[in-house]
Structure formats: C-alpha cells, structure tokens
Amino acid sequence: MSGVNESIVREFFEERGFLVRQQRKFVAPGLAADDEIDFVVLNPRPQASTQDRPFILEATDVASIVSAVVAIKGWHTETFSAAMLAQEPELARFTDPDRVARCAKTHGLAEPVTRLLVVPALPQTHEARADASEALRARGVDAVLPFRTLLADLLLQIEVNRNYAKSDLLQTLRILKNYDLIKDPAMELFRPRRRR
C-alpha cells in the first residue's frame with residue numbers, strides 16, 4: 001500500500017514542477033536508515049510569497065516551498081490527532097535536526113528545508129484540528145498536506161482526452177474520470193445526484 005501512497009505524493013509534486021527524489025530503497029547492513037523520510041523535493045522555481053505559508057497546506061501553497069523532506073503517513077482509515085502523536089511520538093521522528101541536516105547535505109537541498117508531513121486526514125472540529133496542529137508544530141513539523149488535497153488537485157489537473165502512458169496512477173484516474181466514476185471536486189456542486 002505504501003507504494004500507492006508514494007505514487008500519489010510523487011505525482012502531485014511532479015505535476016507542480018518539483019524534482020522528487022526517493023530516499024534509498026535499499027539499506028546496506030550496518031548503515032543507519034533514514035526510513036522516516038520518504039522523499040526529498042526541490043522546487044527549481046519557488047515563488048516568493050508576501051504571506052506566511054499556512055500550516056495546513058492547500059495545493060497552491062506548495063509553490064513557495066524551496067526544498068522539503070517529506071514523510072508520508074498513508075493509512076486511510078484514521079484521523080491524525082494530537083492523541084495519536086502522544087501515543088506514537090516516532091511518527092514525527094523525521095523532523096530530527098540531525099537527520100534533516102544529513103539528508104539535506106546528501107541530496108544538496110537548498111535552505112530552508114521544510115519538514116512536510118502528508119497525512120490521511122486531520123480532525124474535523126476546529127479545536128481538535130488546532131490541538132493536532134500545535135502538537136505537530138511542537139515536534140518540529142513545518143507543514144501538513146492532507147491526502148484529500150493531493151487527490152483533489154490531481155483530479156483537477158487530469159484531462160480525459162490526454163494519454164498518461166508514463167504514469168499508471170494518472171492513467172487510472174483518467175480512465176475513471178472518463179467513465180464518470182470520478183468527477184472534478186468543484187463540479188460536484190452543480191451536477192444532479194443519481195437516483196438510488
């Protein structure tokens with residue numbers, strides 16, 4: 001399942017013009033593994049922003065990221081909460097300054113390096129979402145990107161009359177969209193619902 005999650009994240013960043021590099025797939029015996037960092041991303045053309053980047057990112061907010069280490073938590077049945085982080089503090093272990101510095105040096109990342117966490121979902125209530133955000137900030141996470149945002153953006157970018165032969169994920173989404181099994185998120189508001 002992690003391969004699918006990584007494919008979604010990779011396609012999202014590549015569609016937005018980022019260079020994406022996966023950490024080592026193989027770790028030699030005796031070497032330390034930075035397996036908490038799934039990707040490093042580099043934006044060759046970062047956009048200057050006059051506003052502070054929000055903690056919970058939308059698709060357009062990533063344009064101001066220069067470089068980032070990305071950790072993907074892709075279980076799609078739970079909501080990421082402050083209580084979950086308190087029970088499993090290793091979920092934010094990828095933010096360790098030594099680990100980030102070593103990764104930045106290895107991959108030649110430009111400063112500042114954003115520590116980005118991709119999560120399935122955040123709590124719905126404002127208070128619980130604020131608690132989760134504060135707990136993640138306290139652990140060193142700079143920004144959070146929900147999977148819903150990634151998938152919605154990919155669906156908006158896909159054209160049904162274009163062939164995505166080099167990407168199984170985009171080709172699958174295109175086919176599903178072509179047969180009206182998936183619709184553009186913005187268009188859902190205006191289309192009549194099917195009868196059951």
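The values are calculated or read from the model by the stated rules, or taken from the named source; none is laboratory data. All figures in this text were calculated on a predicted structure; none of them were measured in a lab. Counting neighbours? That spans all protein chains shown, and the Cβs are built from the backbone with ideal geometry, glycine included.
General observations
A quick yes/no check of all residues on (1) part of a loop (DSSP other than H, G, I, E, B); (2) of a type in the set (G, A, S):
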| position | (1), (2) |
| --- | --- |
| D98 | no, no |
| K105 | no, no |
| R115 | no, no |
| P123 | yes, no |
| A135 | no, yes |
| R148 | no, no |
| L154 | no, no |
| N161 | yes, no |
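- Looking across the stretch 77-103 at every residue that is of a type outside the set (D, E, K, R) and in contact with a Lys or Arg (Cβ under 8 Å, 6 or more places away or on another chain), the one that is farthest from F12 (Cα to Cα) is identified as P89.
- Boolean, T106 is of a type in the set (S, T, N, Q), surrounded by 13 or more Cβ atoms within 10 Å (Cβ to Cβ) and either under 18 Å from P54 (Cα atoms) or in contact with a Lys or Arg (Cβ under 6 Å, 6 or more places away or on another chain) (or both): no
- Apart from one condition, Q171 fits all of (1) touching a Phe, Trp or Tyr at 6+ places or on another chain (Cβ under 7 Å); (2) in the same structural domain as I37 (by TED's automatic domain parsing); the exception is (2).
- Within the stretch 69-79, the set of residues being in contact with a strand residue (DSSP E or B) (Cβ under 9 Å, 6 or more places away or on another chain) and either basic (K, R) or without any contact (Cβ under 8 Å) to a residue 60 or more places away in the chain (or both) comprises V69, A71, K73, T79.
- Of all residues in the stretch 41-48, one or more are modelled with pLDDT of 90 or more, assigned to a strand (DSSP E or B), touching a strand residue (DSSP E or B) at 6+ places or on another chain (Cβ under 8 Å) and crowded, with 17+ Cβ neighbours inside 10 Å.
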